[in-house]
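The values are calculated or read from the model by the stated rules, or taken from the named source; none is laboratory data. Just so you know, these numbers come straight off a predicted model, no measurement behind them. In this analysis, Cβ positions are derived from the backbone assuming ideal geometry, glycine residues included, and neighbour counts consider all displayed protein chains.
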Amino acid sequence: MKIIHLNYSDIVGGAARAAYRTHHSLLASGLDSRMWVNQGISGDWTVEMPLSKLDKTIANIYSYIVKPFVKLLKTKNSTLHSPQIFSSSWVKKINSCDADIIHLHWTQNEMLSVSDISSIKKPLVWTLYDMWAFCGAEHYTEEFRWKFGYQRKNRPVYESGFDLNFWTWKRKKKKWKKPIHIVALSNWLSNCVKESALMCDWPTEVIPCPIDINFWKPLKKSHARELLDLPNESTLILFGAVGGGNDPRKGFDLFLNSLKFLSDNKNIKDLKILVFGQKEPKELPKINFPIYYKGYLHDDISLRALYSAVDLMVVPSRLEAFGQTALEAQACGTPVVAFNIGGLKDIILHCETGYLAKAFDEKDLARGIVWTVEQCKNNIINTQSRNQVVKRFNYELISQKYKKIYEKLILK
């Protein structure tokens with residue numbers, strides 16, 4: 001059985017990292033798996049960039065052209081918008097290859113157009129990493145046009161100009177007549193698919209992101225802190241995301257607001273905040289605790305050391321399809337505090353591997369931080385965090401779930 005995964009990049013971005021791990025979980029299980037990407041930087045021989053120089057140039061031009069087009073939409077929703085307009089040479093390569101299954105992942109940034117997806121003749125599996133597939137052009141939204149169908153009359157009041165989301169959704173509805181087998185990373189995302197006007201009758205199941213438990217495992221905390229030049233006696237709390245606190249969806253502002261409830265807490269010793277995924281801003285947030293920006297960590301070894309060095313991680317997202325940093329942290333024995341939303345509900349076991357605060361309740365988030373710091377003193381919560389990841393997210397378990405889907409599609 002030969003599987004080809006399509007993703008825009010191999011390891012740049014959360015979706016890419018997840019797709020790459022899925023690919024490697026299949027390799028570890030003995031399947032013939034390859035990954036095709038527009039942007040490959042891992043140096044992995046199983047990752048290919050079949051685009052010619054001309055195709056790469058055209059792809060870059062398309063990506064450049066679409067940006068001013070997207071700006072015709074005036075919206076307060078700052079999430080990425082992907083209209084996926086331009087057809088590429090990928091479809092011809094896909095349809096002429098010898099793969100048994102084509103596994104789509106994150107193919108935006110004009111890698112595959114809306115029309116391209118409907119032109120693929122091979123059996124398809126599509127793993128979703130956000131809401132784009134059943135929405136308009138937006139990747140995340142708090143609106144519900146995706147439930148009822150995009151119409152002029154249900155457009156948000158904060159949008160004006162060209163209705164890019166309506167236009168993109170209508171193109172999907174017109175082109176995607178044949179259902180594709182959908183994999184959602186979480187129960188929340190699966191429920192969204194089933195409630196959507198576009199994909200409500202498509203076959204859908206939940207398979208989370210896998211993680212290599214032989215690599216993502218705890219380092220001794222004192223050694224990790226020494227390696228990263230961090231104080232050994234302080235209480236260290238970690239926040240991290242691509243772009244750090246610049247993306248409102250990641251809820252960094254909610255985390256900072258929660259810290260005001262910790263100012264007089266005597267149970268937390270010498271609290272310090274660490275942030276990765278962002279350079280230090282010109283103006284530091286005004287909080288009562290020191291905050292240190294670790295910048296962009298480009299290798300997993302440094303990231304593993306950082307997870308191991310801190311006492312807990314906070315993932316205060318407003319919307320989250322899964323929560324890969326929460327998974328990585330727990331694999332390294334670090335408990336996670338988050339809001340009880342989205343895919344985070346599937347990863348964090350409340351009061352066992354961390355704390356799930358009431359949605360967007362900053363005071364309860366602070367309560368969860370205090371509770372988790374207390375639990376870390378006997379190390380039980382750290383062990384439980386590691387153990388549940390080993391049990392529920394290992395390569396063998398996830399690869400077998402995908403293998404069953406592939407076999408079913410091939411027999412059709």
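Inclusion of Asp247 among residues that are over 25 Å from Cys376 (Cα atoms) and either not hydroxyl-bearing (Ser, Thr, Tyr) or not assigned by TED's automatic domain parsing to the domain that holds Ile101 (or both) is warranted. Considering only residues that are under 18 Å from the mean Cα position of the chain (by Cα) and among the aliphatic types (A, V, I, L, M), look in the range 206-235 and name the one that is surrounded by the most Cβ atoms within 10 Å (Cβ to Cβ). Filtering the range 206-235 for residues that are under 18 Å from the mean Cα position of the chain (by Cα) and among the aliphatic types (A, V, I, L, M), the one surrounded by the most Cβ atoms within 10 Å (Cβ to Cβ) comes out as Ile211.
Of the residues in the range 262-284, at least one is part of a helix (DSSP H, G or I) and either polar (S, T, N, Q) or not assigned by TED's automatic domain parsing to the domain that holds Asn77 (or both).
For the range 346-364, a residue qualifies if it is in contact with a Gly (Cβ under 9 Å, 6 or more places away or on another chain) and crowded, with 18+ Cβ neighbours inside 10 Å, and the qualifying residues are Asp346, Ile347, Ile348, Gly354, Tyr355, Leu356, Ala357. Of all residues in the range 86-130, those that are among the aromatic types (Phe, Trp, Tyr), over 18 Å from His181 (Cβ atoms) and assigned to a loop (DSSP other than H, G, I, E, B) total 1. Between Val206, Val242, the distinction of being in the same structural domain as Asn77 (by TED's automatic domain parsing) and not charged (D, E, K, R) belongs to Val206 only. Out of the residues in the range 70-85 that are touching a helix residue (DSSP H, G or I) at 6+ places or on another chain (Cβ under 8 Å) and not in a loop (DSSP other than H, G, I, E, B), state the one that is farthest from Ser160 (Cα to Cα). Result: His81. Every listed requirement among (1) buried (at least 19 other Cβ atoms within 10 Å of the Cβ); (2) at pLDDT below 95 is met by Leu238 save one, (2).
Kindly provide the set of residues from the range 43-81 that are within 23 Å of Cys97 (Cα to Cα) and among the hydroxyl-bearing types (Ser, Thr, Tyr), ordered by number. Walk me through how you get there before you give the answer.
Here is the first cut: in the range 43-81, the residues within 23 Å of Cys97 (Cα to Cα) are 43-59.
Within the range 43-81, Thr46, Ser52, Thr57 meet the criteria.
Taking (1) assigned by TED's automatic domain parsing to the domain that holds Phe239; (2) out of contact with any Phe, Trp or Tyr (no Cβ under 9 Å at 6 or more places or on another chain); (3) over 26 Å from Gly245 (Cβ atoms) in turn, Ala326 satisfies each apart from (3). Going through (1) at pLDDT 95 or above; (2) within 22 Å of the chain's Cα centre (by Cα) one by one, Pro248 falls short only on (1).
Counting only residues that are assigned to a loop (DSSP other than H, G, I, E, B) and touching a strand residue (DSSP E or B) at 6+ places or on another chain (Cβ under 9 Å), which one in the range 131-143 is farthest from Leu164 (Cα to Cα)?
Filtering the range 131-143 for residues that are assigned to a loop (DSSP other than H, G, I, E, B) and touching a strand residue (DSSP E or B) at 6+ places or on another chain (Cβ under 9 Å), the one farthest from Leu164 (Cα to Cα) comes out as Met131.
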